[in-house]
1. Which of the residues belonging to region 209-252 are surrounded by 18 or more Cβ atoms within 10 Å (Cβ to Cβ), in contact with a His (Cβ under 8 Å, 6 or more places away or on another chain) and among the aliphatic types (A, V, I, L, M)?
2. Only residues in region 261-283 that are aromatic (F, W, Y) and surrounded by 15 or more Cβ atoms within 10 Å (Cβ to Cβ) count as the first member; pair them with residues that are at pLDDT below 95 and not in a helix (DSSP H, G or I), Cβ under 8 angstrom, at least 6 apart or cross-chain, and list the lot.
3. State all residues of region 88-129 that are touching a Pro at 6+ places or on another chain (Cβ under 8 Å) and assigned to a loop (DSSP other than H, G, I, E, B); if no residue qualifies, say none.
4. Could you please give the count of residues in region 218-231 that are part of a helix (DSSP H, G or I) and touching a strand residue (DSSP E or B) at 6+ places or on another chain (Cβ under 6 Å)?
5. Could you say whether any residue in region 20-35 is within 17 Å of G144 (Cα to Cα), of a type in the set (G, A, S) and over 17 Å from the mean Cα position of the chain (by Cα)?
6. When you look at I150, is it part of a loop (DSSP other than H, G, I, E, B) and either of a type in the set (S, T, Y) or out of contact with any His (no Cβ under 9 Å at 6 or more places or on another chain) (or both), yes or no?
7. Kindly list, by first and then second residue, each pair from a residue in region 179-192 that is under 11 Å from K281 (Cα atoms) to a residue that is aliphatic (A, V, I, L, M) and part of a helix (DSSP H, G or I), limited to pairs with Cβ atoms under 6 Å and residues at least 6 apart or on different chains.
8. Between residues in region 115-134 that are farther than 22 Å from I150 by Cβ and residues that are basic (K, R), which pairs lie under 8 Å by C-beta distance while being six or more apart or on different chains?
Amino acid sequence: MQILHPFDDIFAFYDGRTGEPAADTWVDDGALSLGIASYAIVSGTAALVYDTHVSLDHARVIREHLESLGVSEITVLLSHHHLDHVAGTQIFADCPVWSTAKTLAHLQRLQTKIESGTHHGPPAIDPLILPDHSFEGAMQLQIGALTLDILEFDIHSDDAALVWIAERQILLAGDALEDTITYVAEPQSLSVHYREIDRLKALMPLSILPNHGDPSRIAGGGYGPGLCDATQSYINDLLDIAAGTTPQDTPLAELVGGWLQSGALIWFSAYERVHRQNVAKLLAARRSLGCA
């Protein structure tokens, strides 16, 4: 695992970007195959850990690194309930763990399946450590001398918690934004996700740190605001495909070509498979609703 350092007080714990999954598990397919980061924001002896990564071993590296810096007070925030963001929480079981109220509800509903390895398959997360604090809408967390705004959004999943450092216009985006394209988890809500990105853009972020993205871009201080526009453009493309106004077999490179040229996105060929999955999910969702 690489420990990237996009800002003096922000660390990204990054693994993967292998392209093809090494095994057909949720760890490899969609997480390590695409590349995944968890983050830590450090202020003095305090730190916020934003997601606990894909395994206990990954989480242990995060904690050991923070403790090597003199951190003794750790707060955890889960960006949402998907497995690759909550798997290492046991390593932080003695720390406050925050999430949106919806994330807590999802994890409670799925706990038995997650702990048995039957929710998206193995490996099991057992025990699954549930958040002991939750919020709705927005809140602030005090981490050392830093005041962090924690904002709830319905992008990628209906329970997203994003970190906004307002005075520096830095956004830790979880899976709400992703490079090369968004991974569709809730196809029935794509129009909602599009509108929610408008609300996100109103913050006017200058530096965006996604959980899935190019490690060199993350290490260099993150993505620019164009990542928001590129994500909306791709969502529009998916909706056009579902409506039949764009052919289903349109190559991904054609859909995102302008954003690649502008530098808003970085091409990673593994997302061609993600795109095919996205289209299939969206068309299946339309069929289930009786749409043509």
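The values are calculated or read from the model by the stated rules, or taken from the named source; none is laboratory data. What you are looking at is a predicted structure, and each value in this text was computed from that prediction instead of being measured. Counting neighbours? That spans all protein chains shown, and the Cβs are built from the backbone with ideal geometry, glycine included.
1. Hits for region 209-252 are I235, L252.
2. F268/R17; F268/G19
3. From region 88-129, those touching a Pro at 6+ places or on another chain (Cβ under 8 Å) are 90, 97-99, 103-104, 107, 115, 117; that's our starting set.
Correct list: G117 only.
4. Adding up the residues that qualify gives 3.
5. To start, the set of residues in region 20-35 that are within 17 Å of G144 (Cα to Cα) comprises none.
Scanning region 20-35, I find no residue that is within 17 Å of G144 (Cα to Cα), of a type in the set (G, A, S) and over 17 Å from the mean Cα position of the chain (by Cα), so the answer is no.
6. Numbers: part of a loop (DSSP other than H, G, I, E, B): no; either of a type in the set (S, T, Y) or out of contact with any His (no Cβ under 9 Å at 6 or more places or on another chain) (or both): yes.
Criteria not met by I150.
7. Y183/V274; P187/L282; P187/A285; Q188/A285
8. Every condition considered, the pairs that remain are H119/K113.
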